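J.: Mind having a look at this structure? Questions to follow.
The values are calculated or read from the model by the stated rules, or taken from the named source; none is laboratory data. It should be emphasised that the depicted structure is a prediction, and the values quoted were computed from it without experimental measurement. Reconstructed Cβ throughout: ideal geometry from the backbone, glycine too, with neighbour counts over all protein chains shown.
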Amino acid sequence: MEYEHVSDHSVVADKRSGPVSVILNRNFPSGSWDTLATAVLADTFRWFIPNDGQTNTAARIRIVWDDVPQISDISAGNFSIVPKLKLLSPVEEKCGS
């Protein structure tokens, strides 16, 4: 599946020993969790939001410690993912007389 990259965002977490997974839920709390990355060792993870045409207003991120999956945290509030607008053709300007 191909996506046009709309924009990229960073997830920042406190550094703990061991890798973490970054997981996205686009419809919290009832939506499914999709893994964005596993074995992330950095304090910051940069990810791209796919332009799939869907608007999501209740998205959340979860960070899971890979070594002890029972230890995790979910972002404190919802955020929105909205599709990128694309100009399909230029607007023609009319010249005044």
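J.: Which one of the conditions (1) modelled with pLDDT under 90; (2) in a loop (DSSP other than H, G, I, E, B); (3) on the phi < 0 side of the Ramachandran plot does G53 fail to meet, given that it meets all the rest?
T.: G53 satisfies every listed condition except (3).
J.: Among all residue pairs at least 6 apart or on different chains, which show Cβ distances below 9 Å where the first residue, located in segment 29-51, is farther than 15 Å from I81 by Cβ and the second is among the acidic types (D, E) and part of a strand (DSSP E or B)?
T.: R46/D8
J.: Looking at segment 17-56 only, could you name the residues that are among the acidic types (D, E) and over 13 Å from the mean Cα position of the chain (by Cα)? Full working, then the answer.
T.: Filtering segment 17-56 for residues among the acidic types (D, E) gives 34, 43, 52.
Matches in segment 17-56: D43 only.
J.: Being of a type in the set (F, W, Y) and either at pLDDT 80 or above or outside any loop (DSSP other than H, G, I, E, B) (or both) is the filter here, so list the residues in segment 1-41 that pass it.
T.: Let us first name the residues in segment 1-41 that are of a type in the set (F, W, Y), namely 3, 28, 33.
The answer is F28, W33.
J.: For segment 58-74, which positions are more than 12 Å from the chain's Cα centre (by Cα) and either in a strand (DSSP E or B) or of a type in the set (S, T, N, Q) (or both)?
T.: Of all residues in segment 58-74, those more than 12 Å from the chain's Cα centre (by Cα) come to 63-74.
Within segment 58-74, I63, V64, W65, Q70, S72, D73, I74 meet the criteria.
J.: Residue check: is R26 free of Cβ contacts under 8 Å to residues at least 60 places away in the same chain, among the basic types (K, R) and out of contact with any Ser or Thr (no Cβ under 7 Å at 6 or more places or on another chain)? Please lay out each step first, then the result.
T.: Values: free of Cβ contacts under 8 Å to residues at least 60 places away in the same chain: yes; among the basic types (K, R): yes; out of contact with any Ser or Thr (no Cβ under 7 Å at 6 or more places or on another chain): yes.
The answer is yes for R26.
To keep it simple, each residue is scored yes or no on (1) surrounded by fewer than 13 Cβ atoms within 10 Å (Cβ to Cβ); (2) touching a Ser or Thr at 6+ places or on another chain (Cβ under 9 Å); (3) under 15 Å from L24 (Cα atoms).
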| position | (1), (2), (3) |
| --- | --- |
| T55 | yes, yes, yes |
| I61 | no, yes, yes |
| D66 | no, yes, no |
| S72 | no, yes, yes |
| G77 | yes, no, yes |
| S80 | yes, yes, yes |
